[in-house]
Amino acid sequence: MTDLYDFSIDEMVEPIERLFEREYPSSHAIFNDEPALTDEGPRAVPVDVVYVAGSVHKLHAIKLAASYDECVFNVRSGLHAMSRATANYRWLALPLEALREGEAEYNDILIKTATERGLGVITVQPRGRGLSAKIAVKPAVEEGDFLDHYKGLRDLWRSIKDRDLAGDGYQVVDYYGR
């Protein structure tokens, strides 16, 4: 028999997508599980998933982690790195059991530190025949437009937004050349 909590990071993407569609719905949202940064400088923070909830000011960046230790102690991809990520909402996602075990062992350090740094925390757990995602901590909002930090994201967002507007019988007019 396999362990219910034995699932890969790749398997976490689909329940997280459903979570965002439910919690941050939009008629022209984008979910990209292969985002590429435009700037690869020393302070650039690669993320695993981005979600644009219908506006250039609603960019969610999500880092997927297989373990609690990766979230807390990996300074290149855990909560320390995600504190610098370029997005309006920054998230860490990990299995629920990993969060429970780690918080018990380390006195809730992940939840406390994530809250202090404005990061959200998502847990993924088995439910029924599949996986389900749930928000454990909501992130703070950083104002701004961060789409240009990810290759092709602005163009993709524009094409989806313009397609949806045109589909409703409206004519798309680009007044500002954006």
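The values are calculated or read from the model by the stated rules, or taken from the named source; none is laboratory data. Everything numeric in this text was worked out from a predicted model, so none of it was measured. Cβ sites come from the backbone with ideal geometry, for glycine too, and all protein chains shown count toward neighbours. Keep in mind that these areas ignore ligands, DNA and RNA; they rest on the heavy atoms of the full protein, side chains included. Shrake-Rupley method; radii C 1.70, N 1.55, O 1.52, S 1.80 Å.
List the number of the failed condition for Val75; all other conditions in (1) open to solvent by 30 Å² or more (accessible area, probe 1.4 Å); (2) under 17 Å from Ala136 (Cβ atoms) hold.
Against the list (1) open to solvent by 30 Å² or more (accessible area, probe 1.4 Å); (2) under 17 Å from Ala136 (Cβ atoms), Val75 comes up short only on (2).
If I go through region 124-139 residue by residue, how many of them are more than 19 Å from the chain's Cα centre (by Cα) and either outside any loop (DSSP other than H, G, I, E, B) or at pLDDT 90 or above (or both)?
We begin by selecting, within region 124-139, every residue more than 19 Å from the chain's Cα centre (by Cα); these are 126-130.
Now narrow it down to the ones that are either outside any loop (DSSP other than H, G, I, E, B) or at pLDDT 90 or above (or both): 126-127, 130.
Final tally of qualifying residues: 3.
Out of curiosity, is Val13 surrounded by 16 or more Cβ atoms within 10 Å (Cβ to Cβ) and not small (Gly, Ala, Ser)? Steps first, answer last, please.
Values: surrounded by 16 or more Cβ atoms within 10 Å (Cβ to Cβ): yes; not small (Gly, Ala, Ser): yes.
Yes: the conditions hold for Val13.
Return the pairs, sorted by first residue and then second, in which the second residue is open to solvent by less than 90 Å² (accessible area, probe 1.4 Å) and among the charged types (D, E, K, R), the first residue lies in region 104-133 and is more than 15 Å from Leu94 (Cα to Cα), the beta carbons are less than 9 Å apart, and the residues are 6+ apart or on different chains.
Close Cβ pairs (under 9 Å, with a partner that is open to solvent by less than 90 Å² (accessible area, probe 1.4 Å) and among the charged types (D, E, K, R)) amount to Arg117/Arg90; Gly118/Arg90; Gly118/Glu142.
Can you pull out the residues in region 146-174 that are part of a loop (DSSP other than H, G, I, E, B), open to solvent by 60 Å² or more (accessible area, probe 1.4 Å) and at pLDDT 75 or above?
Hit for region 146-174 is Lys151, nothing else.
If a residue has to be more than 25 Å from Arg158 (Cβ to Cβ) and either among the small types (Gly, Ala, Ser) or open to solvent by less than 70 Å² (accessible area, probe 1.4 Å) (or both) to count, how many in region 20-60 make the cut?
Total satisfying the criteria: 1.
From the residues in region 33-51 that are modelled with pLDDT of 95 or more and not in a loop (DSSP other than H, G, I, E, B), which one is farthest from Asp10 (Cα to Cα)?
Going through the qualifying residues, I end up with Tyr51.
Pairs, please: C-beta under 6 Å, at least 6 apart or cross-chain, first residue under 10 Å from Ile30 (Cα atoms) and of a type in the set (Ser, Thr, Tyr) and in region 41-64, second at pLDDT 90 or above and crowded, with 19+ Cβ neighbours inside 10 Å?
Final answer for the pair search is Tyr51/Phe20; Tyr51/His60.
Testing Ala136 on (1) closer than 21 Å to Glu17 by Cα; (2) open to solvent by less than 40 Å² (accessible area, probe 1.4 Å); (3) not charged (D, E, K, R), one condition comes back false. Which one is that?
(2)
Between a first residue in region 142-154 that is under 26 Å from Glu116 (Cβ atoms) and a second residue that is charged (D, E, K, R), which pairs have beta carbons less than 8 Å apart while being 6 or more apart in sequence or on different chains?
Glu142/Arg90; His149/Asp39
Report yes if some residue within region 80-98 is small (Gly, Ala, Ser), assigned to a helix (DSSP H, G or I) and touching a Cys at 6+ places or on another chain (Cβ under 9 Å); otherwise report no.
Applying the first criterion (small (Gly, Ala, Ser)) to region 80-98 yields 81, 83, 85, 87, 93, 98.
Within this subset, residues satisfying the condition of being assigned to a helix (DSSP H, G or I) are 81, 98.
After this cut, where a residue has to be touching a Cys at 6+ places or on another chain (Cβ under 9 Å) as well, the list is 98.
Yes, region 80-98 contains a residue that is small (Gly, Ala, Ser), assigned to a helix (DSSP H, G or I) and touching a Cys at 6+ places or on another chain (Cβ under 9 Å).
Report, by residue number, each residue of region 101-123 that is outside any helix (DSSP H, G or I) and surrounded by 17 or more Cβ atoms within 10 Å (Cβ to Cβ).
Going residue by residue through region 101-123, those that are outside any helix (DSSP H, G or I) are 107-108, 118-123.
The answer is Leu119, Gly120, Val121, Ile122, Thr123.
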